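This report refers to the structure that appears directly beneath it.
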Amino acid sequence: MRQFVTVTAKAAPMPAANIDTDQIIPARFLRRPRKEGYGDCLFYDARFDEAGRERPGHVLNQERYADAQILVTGRNFGSGSSREAAVYALADYGFRAVVAPSFGDIFFNNALINGFLPVRLPEEEVSEIVGVISSDAGDNTIRIDLEKLILEAGGKTYRFHIDGLKRRCLLEGLDDIALTRTHTDEIEAFERRHFERMPWLGDRRRTAESQDRG
Amino acid sequence: MSQTLFEKVWSSHEILRTEDGDSLLYVDRHLVHEGSRTAIDKLDDNQLGVARRHQTFGTADHYVPTQGGLDSLAVDQRKMVETFDANMSRFGIEAWGLGTRRQGIVHVIGPELGLTLPGMVLVCGDSHTSTHGALGALAFGIGASEVAHVLATQAIWQRTPKAMRVSVNGRLAPGVFAKDVILAIIAKIGTGGATGHVIEYAGPVIEAMSIEERLTVCNMSIEAGARAGLVAPDETTFAYVRDRPFAPTGEMLEQAIAYWRSLRTDTDARFDAEITIDQELHAPMITWGTTPETAIPVDGTIPDPESAGSPERRDEWQRALDYMGLAAGERLQDVQIDQVFIGSCTNGRIEDLRAAAEVAKKGRARVPVLVSPGSMSVRAQAEAEGLDRIFTEAGFEWRGAGCSMCVGMNGDLVGFQKRSVSTSNRNFVGRQGVGARTHLASPASAAASALCGHIADVRSLF
């Protein structure tokens with residue numbers, strides 16, 4: 001997994017709330033193989049019109065934000081469908097982090113596994129940062145430090161929190177499957193006790209095979 | 001110590017817990033569909049196998065056509081269905097592909113086949129996995145990387161969510177269904193109202209519900225932000241589970257039921273949040289905007305963004321109205337519609353089709369209606385009851401089983417700026433197609449709207 005320690009980059013404001021994963025990447029793009037990349041599909045129906053031309057009003061079509069790597073957005077970002085392609089699209093486009101007051105839980109987890117940092121800050125702090133990066137006079141550079149759990153924007157420092165294992169995986173670039181496989185003995189020991197206690201939960205083959213199946 | 005239902009299921013599946021509060025949970029059942037492609041590619045890239053193939057089951061639902069067979073699909077859609085079949089047989093995972101008798105939407109076939117049981121931890125790479133909580137399972141949706149993790153290890157890392165109880169009191173007025181109950185709940189707590197929580201649904205209305213009704217309620221927990229929603233297993237649950245093909249039988253079933261009885265939330269257990277619903281169940285609900293929280297009683301008028309409470313909310317509501325082609329103050333029932341969809345993991349079960357058919361008997365569709373049963377088993381049952389004839393005589397199209405027009409991945413789409421009344425779960429911008437305008441409603445309300453050609457109050461037809 002891609003490591004995340006500190007990132008200093010331009011930020012783009014997208015203050016709308018409830019940007020769900022269907023808006024981040026419409027369902028019709030999900031059949032594309034992962035290896036072909038999803039960056040061009042990001043926010044597709046908002047960024048492009050029906051003829052595929054860029055909508056000039058969209059923040060990512062403005063020169064100032066063209067090379068943004070941090071997105072600052074409204075509450076409940078990434079709600080809805082569990083499609084991990086929402087994270088792929090953001091990451092493939094070039095984003096490293098997204099800052100919002102709240103996130104859909106599944107999106108939040110998907111992001112962390114992909115070396116992409118979701119930063120939760122109180123709504124008023126997010127509004128303040130949106131103000132700074134939207135202002136023509138302001139500098140739209142943000143610095144995020146995952147080690148120290150701080151975000152710096154507009155000369156101010158904001159503290160955020162992210163817990164435990166997934167932070168460690170991000171900081172060290174660890175693969176979660178490899179990590180879990182170091183616990184294989186514990187999983188197997190648990191499983192033996194679990195199926196002794198609840199024998200109906202195990203392998204269902206025998207029951208199933210005695211039934212008429214289609 | 002007193003525990004909630006959720007805590008009991010959680011703690012009985014905790015393999016280990018780190019000092020930082022990360023739990024490694026054991027997964028009893030893993031359901032997969034065509035979307036598992038990315039996860040399986042990841043396994044292949046890392047030369048990993050499937051750890052517990054006999055606790056993993058598959059069905060083709062997201063991309064399958066509801067008519068015309070595989071040939072009706074575009075090449076890349078067809079490839080998703082074929083890759084799924086190939087992956088399932090390569091890993092020896094029992095799966096129901098297109099054309100098999102038990103194929104259907106993953107959240108319909110899980111409970112239907114007895115793959116979902118009370119007290120288990122069940123995951124699937126789909127956000128509506130919360131559905132299975134209706135049986136008292138802890139069931140939640142996961143992303144592709146987590147699917148790969150579960151396939152490889154049969155376990156998943158989670159941080160303990162908070163517990164919320166939603167008590168639904170009173171009783172349902174005529175024309176008010178489980179779908180209306182969950183829309184009312186989401187309207188009350190908001191699309192992010194249960195983020196970070198697992199919801200336990202309780203109270204007399206929930207207790208009186210059938211399992212199919214509870215499945216509808218739990219299905220949309222994710223639309224309030226909750227990862228999972230569950231209902232305490234009771235006699236209704238045990239009767240439902242009995243005789244399902246994959247459910248335990250005989251002595252094993254009795255042993256299981258004895259354990260399932262112990263899962264109820266202890267009387268003095270504490271929840272992090274408590275919500276009560278009672279006055280909200282007097283009318284069928286329908287959404288006007290682009291999030292499920294915009295549900296209002298069908299006899300209401302579209303609200304004014306000026307009353308939204310904050311400048312941000314006002315702008316949000318205005319954007320939703322612009323997208324939906326609606327204006328504040330309009331009566332919802334006067335809104336003309338272009339098509340109707342009846343189906344999905346929310347409302348594609350036999351009781352849903354019976355409710356829609358009861359209404360369909362009363363007239364003829366004025367707009368195109370697509371009915372997609374949630375599974376081929378539901379389809380067979382409906383045909384045995386003659387529901388298919390009621391639908392076709394009313395001018396409704398009777399199709400095959402799959403996710404269909406809920407998400408449109410198989411090409412069943414709502415047109416640009418066309419308006420649908422849909423029994424599905426998401427009215428998001430672009431969800432049913434580019435520019436599609438979706439109003440979420442119950443099967444009875446959807447059928448009534450089909451007969452009227454505009455959003456309709458089903459109570460006016462009886």
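The values are calculated or read from the model by the stated rules, or taken from the named source; none is laboratory data. Quantities reported herein were computed from a predicted structural model and do not represent experimental measurements. Note that we place each Cβ from the backbone using ideal geometry, even for glycine, and neighbour counts take in every protein chain shown. Calculation scope for accessible area: heavy atoms of the full protein, side chains included, ligands and nucleic acids excluded. Shrake-Rupley method; radii C 1.70, N 1.55, O 1.52, S 1.80 Å.
Structure above, values below:
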quantity: Packing-based ranking, highest mean first, of A:107-115, A:30-38 given that Cβ atoms within 10 Å are counted; calculated: A:107-115, A:30-38
quantity: Within the range B:352-394: Cβ-based charge dipole about Cα centre, in debye rounded to nearest 20 (Lys, Arg +1; Asp, Glu -1); calculated: 220 debye
quantity: Fully extended contour minus Cα-Cα distance, from residue B:85 to residue B:267, at 0.36 nm per residue; calculated: 60.8 nm
quantity: Estimated translational D of the protein assembly as shown in µm²/s (Stokes, Kirkwood radius over Cα pairs; 37 °C; 0.692 mPa s); calculated: 130 µm²/s
quantity: Positive-end extreme of charge dipole, the range B:87-198 - chosen from B:197, B:167, B:130 (charges on Cβ); calculated: B:167
quantity: With every protein chain in place, the range A:6-174: carbon and sulfur % of accessible area (1.4 Å); calculated: 47 percent
quantity: Beta bridges by DSSP in chain B, antiparallel share as percent, to the nearest 5; calculated: 25 percent
quantity: Debye, to nearest 20: dipole size of the range A:6-174, +1 on Lys, Arg Cβ, -1 on Asp, Glu Cβ; calculated: 460 debye
quantity: Average other protein chain Cβ within 10 Å of Cβ, residues B:317-323; calculated: 0
quantity: Sorted peptide list for B:437-446, A:137-146, criterion being average Cβ within 10 angstrom, highest first; calculated: B:437-446, A:137-146
quantity: Cα gyration tensor, the range A:108-205 - rounded (a/c under 1.5), prolate or oblate; calculated: prolate
quantity: Among B:23-31, B:388-396, the order from most to least packed when residues are scored by Cβ within 10 Å on average; calculated: B:23-31, B:388-396
quantity: Accessible area in square angstrom per residue, the protein assembly as shown, 1.4 angstrom probe; calculated: 36 Å²
quantity: Shielding by other protein chains, B:19-32, mean Cβ within 10 Å; calculated: 3
quantity: Minimum 40 Å² accessible area buried by the other protein chains, the range B:147-166 residues, probe 1.4 Å, relative to alone; calculated: B:149, B:153, B:157, B:159
quantity: Distance (nanometres) between label positions extended 7 Å along Cα→Cβ at residue B:307 and residue B:1; calculated: 4.6 nm
quantity: Within 10 Å of each Cβ in B:5-18, the average number of Cβ atoms from other chains; calculated: 2
quantity: Rounded, prolate or oblate (a/c below 1.5 giving rounded, otherwise prolate when a/b exceeds b/c) for the range B:5-44 by Cα gyration tensor; calculated: oblate
quantity: Cβ charges +1 (Lys, Arg) and -1 (Asp, Glu), total dipole of the protein assembly as shown, debye; calculated: 840 debye
quantity: Separation in nanometres of the label points that stand 7 Å from Cα toward Cβ, at residue A:6 and residue A:127; calculated: 3.1 nm
quantity: Over the range B:7-273, volume per residue of the alpha carbon convex hull, in Å³; calculated: 150 Å³
quantity: Label point 7 Å beyond Cα of residue B:234 along Cβ direction - residues of the range B:167-183 with amide nitrogen under 16 Å; calculated: B:167-172, B:178
quantity: Shape call, the range A:1-154: gyration tensor on alpha carbons, a/c limit 1.5; calculated: oblate
quantity: Within the protein assembly as shown, helix-based [θ] at 222 nm, where runs of 4 or more DSSP H residues each add -39,500 (n - 2.57), nearest 500; calculated: -9000 deg cm²/dmol
quantity: Mean Kyte hydropathy of 0.0 or more with a Cα span along the axis of at least 15 Å, helices from DSSP in chain A; calculated: A:123-134
quantity: Heavy-atom accessible surface that B and A bury in contact, both chains counted, 1.4 Å, Å² to 100; calculated: 6000 Å²
quantity: Mean Cα-pair separation over length for the range B:34-108, i.e. relative contact order, pairs under 8 Å, 6 or more apart, %; calculated: 42 percent
quantity: Distance violations [Cα-Cα > 30 Å] among A:156/B:188; B:162/B:188; A:35/B:188; B:362/B:418; A:166/B:42; A:148/B:188; calculated: A:156/B:188; A:35/B:188; A:148/B:188
quantity: Label-point gap, in nm, between residue B:71 and residue A:136 - each point 7 angstrom along Cα→Cβ; calculated: 6.2 nm
quantity: Distance cut-off 33 Å, percentage of C-alpha pairs in chain B lying past it; calculated: 33 percent
